[in-house]
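Have a look at the structure below before the remarks.
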Amino acid sequence: MDSLRAALCFLLLPLPFVLGAGIAEVIAQTPELSSLNTILTGQHPELLSQINSTTGTFFAPSNTALDSFIVCSADMSVAGGKVADTRLDDSAYANLEGAANVVFASSYGSTGQDSAPSALKVYSGVGGEATITKPDIAYDGGLVHIVDRVLNFPQSCSKTMQQQQLTTLFDAVQKTNYQSVIDTTAKFTCLAPTNEALAGLGIDLSTLSDDDILSALKYHSIVGEVDYSTVLEDGKEYPTLLGPTVTVHKKDGQLYFNDVAVQQGNIITNNGVAHVLSGVLIPPTSNATPTSEAAPPPDGTTTDIVPTPDDQVGSA
Ligand SMILES: *[C@@H]1O[C@H](CO)[C@@H](O)[C@H](O)[C@H]1NC(C)=O
């Protein structure tokens with residue numbers, strides 16, 4: 001496993017220093033970055049202008065890096081998938097207490113739990129997935145795998161939410177000033193309900209107190225280790241920032257937190273990972289035990305609502 005982790009890497013070149021030019025101009029004028037330039041100018045101009053307007057260090061994947069991975073495809077194809085270190089250790093992309101950031105590789109879908117293998121994919125930042133179109137081409141230094149698109153740099157949790165159109169969740173984060181927690185806490189796992197999941201519960205942020213929203217957000221936050229699907233064990237409980245635990249289930253080709261299915265797993269963020277949920281996690285009330293049986297995604301018939309504190313309910 002460690003040799004695999006060591007082997008899978010971006011080939012990253014620090015950019016040469018060019019006076020009086022933006023990053024966009026440096027990329028355009030550097031022959032080894034011509035592929036990156038073509039991709040950014042042609043397919044992702046907004047990303048290019050975003051990169052161009054940031055200050056600090058930008059690690060640019062070389063032409064070789066953009067179509068190469070050095071790892072045996074058989075290692076990535078195992079059920080459950082593999083988490084592999086990249087060389088991306090710049091703190092802007094890897095707020096992981098010194099560790100380099102990772103990609104998740106699997107032929108069993110984004111959670112690594114699909115019941116049958118399909119295309120071997122590499123999952124990176126903001127929900128990016130690249131398919132390995134030609135695996136295991138041997139060269140002197142290892143193996144090359146051709147991927148069909150560039151791997152995205154990991155972004156902050158809040159940027160990832162916005163890119164994933166998790167707008168209701170992002171509104172809740174903003175309303176409660178929770179953004180700095182999710183964006184700056186190292187080793188943060190963000191469980192992120194979709195808009196549909198929140199709408200299905202009839203949640204209207206304007207009618208909830210900030211305390212209630214914050215409690216709900218904290219129940220969707222795990223800190224301490226980064227909970228990629230590969231470390232999530234069936235039946236294991238993970239403490240949340242709220243306090244009560246969530247229980248992981250892996251069953252019938254699905255990954256669950258409590259009884260809520262993960263719709264898209266292993267979105268790499270700069271400080272950890274995000275899993276998009278098809279439902280909302282309801283913290284246990286003081287006397288009731290949480291339901292933790294794996295079940296199909298809710299169809300909107302649930303009667304659960306976000307719990308309110310026992311005292312002082314509904315002061316508007
Ligand atoms: C990049 O930024 C520089 C200023 O730092 C600017 O002169 C240049 O026009 C920008 N290029 C692009 C493509 O946005």
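Nothing in this text is a laboratory measurement; each read-out follows from the coordinates by a stated rule. In this text the structure is predicted, and so the values were computed from the model without any measurement. Here the Cβ positions follow ideal geometry from the backbone for every residue, glycine too, while neighbour counts run over all protein chains shown.
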Next on the checklist: Residue by residue through the stretch 114-121, what is 3J(HN,Hα) from phi via Karplus (6.51 cos²θ - 1.76 cosθ + 1.60, θ = phi - 60°)? Round to whole Hz and write x for glycine and proline.
Outcome noted: 3, 6, 10, x, 10, 5, 7, 10
Checklist entry - Each residue of the stretch 192-207 in turn: what ³J(HN,Hα) in whole Hz from Karplus with 6.51, -1.76, 1.60 and θ = phi - 60°, glycine and Pro shown as x? => result 10, x, 6, 4, 5, 4, 6, 5, x, 8, x, 6, 10, 4, 5, 9
Item to check | Proximal lysines relative to LYS187, as straight alpha-carbon distance under 30 Å, when same-chain residues fewer than 8 apart are discounted | outcome: LYS82, LYS121, LYS159, LYS175, LYS218, LYS236, LYS250, LYS251
Checklist outcome for this item: Expected vector for the stretch 149-162, Karplus 3J(HN,Hα) from phi with 6.51, -1.76, 1.60 and θ = phi - 60°, integer Hz, x for Gly and Pro, equals 7, 6, 7, 7, 5, x, 10, 5, 4, 5, 5, 4, 4, 5
Checklist outcome for this item: Under 5 Å from the placed amide H of LEU88, counting only residues 5+ away or on other chains, we find PHE10, ASN101
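Looking at the stretch 199-269, which trypsin sites (Lys or Arg not before Pro) are in a loop (DSSP not H, G, I, E or B) and have at most 14 other Cβ atoms within 10 Å? All intermediate terms of the calculation are to be shown ahead of the outcome.
On the way: sites: LYS218, LYS236, LYS250, LYS251; in loops: LYS236.
Qualifying residues, ordered by number: LYS236.
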Checklist entry - Residues with amide H under 5 Å of SER229's amide H, sequence separation 5 or more or different chain, H placed in the peptide plane at 1.01 Å from N; which? => result ASN266
Next on the checklist: Quick query: amide H of LYS251 versus all other amide H atoms, modeled in the peptide plane; which residues come in under 5 Å with a sequence gap of 5 or more or a different chain?
Outcome noted: TYR256
Checklist entry - ASP171 to SER118: extension gain in nm, 0.36 nm per residue of separation minus the Cα-Cα distance? => result 15.5 nm
Checklist entry - Expressed in nm to one decimal, what extension gain is obtained for the pair GLU225 and GLN162 from 0.36 nm per residue of sequence separation less their Cα-Cα distance? => result 20.3 nm
Next on the checklist: What does the extension gain come out to for ASN195 and ASP75, with contour length at 0.36 nm per residue minus their alpha carbon separation?
Outcome noted: 39.6 nm
